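A.B. asks: Below you'll find the structure I mean.
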């Protein structure tokens with residue numbers, strides 16, 4: 001949870017409880033799509049979901 005402070009007279013804390021939804025368009029990227037998806041949590045710690053959207057790949061991207 002992230003806490004921010006408003007810059008105004010009250011100086012009340014603001015708590016952000018938002019989660020990130022990540023969309024990844026994919027086309028013929030079977031060689032690296034799994035590694036990419038596995039590394040995302042290292043950079044973004046509040047993830048709601050990761051959606052990989054395939055665009056008719058012919059290299060097995062969907063199977064990965």
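Every read-out reported here was derived from the displayed coordinates using simple, explicitly stated rules and does not represent laboratory data. Only a predicted model underlies this, so the values are computations on that prediction, with no experimental measurement involved. Here Cβ is always computed from backbone atoms with ideal geometry, including for glycine, and neighbour counts include all displayed protein chains.
A.B. asks: In nm, to one decimal, how far is the residue 54 label point from the residue 18 one, both placed 7 Å along Cα→Cβ?
C.D. replies: Taking the simple label geometry, residue 54 and residue 18 are separated by 3.2 nm.
A.B. asks: Among 21, 36, what is the fewest-to-most ranking by other Cβ atoms within 10 Å?
C.D. replies: Ascending Cβ contact count within 10 Å gives the list 21, 36.
A.B. asks: Follow-up. Under a point spin-label approximation (7 Å from Cα along Cα-to-Cβ), what is the residue 30-residue 62 distance to one decimal in nm?
C.D. replies: Label-label distance for residue 30 and residue 62, simple model: 1.2 nm.
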